[in-house]
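Structure, as structure tokens:
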Amino acid sequence: MILQIETATTSCSVALAHDGQVLAFKEINARNIHAEVITVYIDEILAQINTTYAGLDAVAVSCGPGSYTGLRIGVSTAKGLCFALDKPLIAVETLAAMANGVAQDNAIDSDILLCPMIDARRMEVYTAVFNAAGEVVKTTAAEIIEGNSFSDILAENKVLFFGDGADKCKEALGDNPNAQFLPNFSNSATHLTQIAANKFNRADFVDVAYFEPYYLKDFIAGKKAGV
């Protein structure tokens, strides 16, 4: 039984999975709400399937890249539970989970490439490229999107762009006939399921004491007007 937590974007999502099958989940897509609802949602889905925290075998968390604050809340919650329950912690890279979710939830041609995008403000996104089997084609990076972005990959492949960073890239990339866009994608803890199950079976855990989210970029605090 694995508790799965996703807070890397505006989505706050939790799920319970057993042997690679989702038993229950609850989520909301709203800004600045993660700290308020995450533990409530966990309590509710545990109650929904009539189990307790002691019944968990591990906790999996979407570990970034993504929102600095969201990642801190999700990882802190996961680590706190693992410390209290003496359970292992599984880290799932956010972009890989997104690609896995799209491949599972949609009829994807085997030759299409998957490009999850997380909004990093202005025209910058956190992104990577995967094939339909989940293998990495282009490693994770912070990219400023321009008209010639991904031109090498798009020259020879159809690419499906999705995530909260993809919409703002449509104007720059949408004229390319090989660029496709999946609307209304939202990050979900259910997308962690297969990766988390595989890591659990391999005992691929991270150190609860020292693990930190994968921020990709340093946090820069915003300034208030007039300061």
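Coordinate-derived values only; no laboratory data. This one's a predicted model, so the numbers in the text were calculated from it and none came from an experiment. Cβ: placed from backbone, ideal geometry, glycine included. Neighbour counts: every protein chain shown.
Computed from the C-beta positions of Lys168 and Ala133 and an R0 of 22 Å, the FRET efficiency is 0.20 to the nearest 0.05. The mean sequence distance of close C-alpha pairs (under 8 Å, at least 6 residues apart), as a share of the length of the stretch 107-181, puts its relative contact order at 33 percent.
Rounded to whole Å, give me the distance from the Cα center of the stretch 161-180 to that of the stretch 7-68. So the two Cα centres are separated by 29 Å. Taking all Cα pairs closer than 8 Å and separated by 6 or more residues, the relative contact order of the stretch 1-107 comes to 28 percent.
What is the magnitude of the charge dipole of the chain about its Cα centre, with +1 placed on the Cβ of each Lys and Arg, -1 on the Cβ of each Asp and Glu, and no other charges, expressed in debye to the nearest 20? Approximately 600 debye in magnitude.
All C-alpha pair distances within the stretch 107-181, sorted into 5 Å bins from zero, spread as 3, 17, 31, 29, 15, 4, 0 percent across the bins. Taking label positions 7 Å along the Cα-Cβ direction at both Ile33 and Asp175, the computed distance is 3.9 nm, reported to one decimal. Averaging over all projection directions, the Cα-based convex hull of the stretch 119-227 occupies 10.1 nm² in the image plane.
Among Thr77, Thr9, Leu160, whose Cα lies farthest out toward the positive end of the dipole of the chain, if unit charges sit on the beta carbon of Lys, Arg (+1) and Asp, Glu (-1)? Of the options given, the answer is Thr77.
Report for the stretch 88-227 the percent antiparallel among DSSP-assigned beta bridges with both residues inside it, nearest 5.
Around 60 percent antiparallel, to the nearest 5.
Per-residue extension of 0.36 nm, minus the Cα-Cα distance of Tyr215 and Glu124, leaves a gain of 31.3 nm for this segment.
Computing FRET efficiency as 1/(1 + (r/R0)^6) for His18 and Glu156, where r is the C-beta to C-beta distance and R0 is 30 Å, gives about 0.15. Split the chain at each of the trypsin sites (Lys or Arg not before Pro) in a DSSP loop with at most 15 other beta carbon atoms within 10 Å, and the longest piece is 32-120. For the stretch 153-193, a simple Cβ point-charge model (Lys and Arg +1, Asp and Glu -1, everything else neutral) yields a dipole of about 80 debye relative to the Cα centre. Out of all Cα-Cα pairs in the stretch 29-157, roughly what percent, to the nearest whole number, are more than 26 Å apart? Percent of Cα pairs beyond 26 Å in the stretch 29-157: 36.
Would you kindly give the portion of the calculated P(r) for the chain that falls above 26 Å, as a percent of all Cα pairs?
36
Approximating the spin labels as points 7 Å out from Cα along Cα→Cβ, the Glu44-to-Asp105 distance works out to 1.8 nm.
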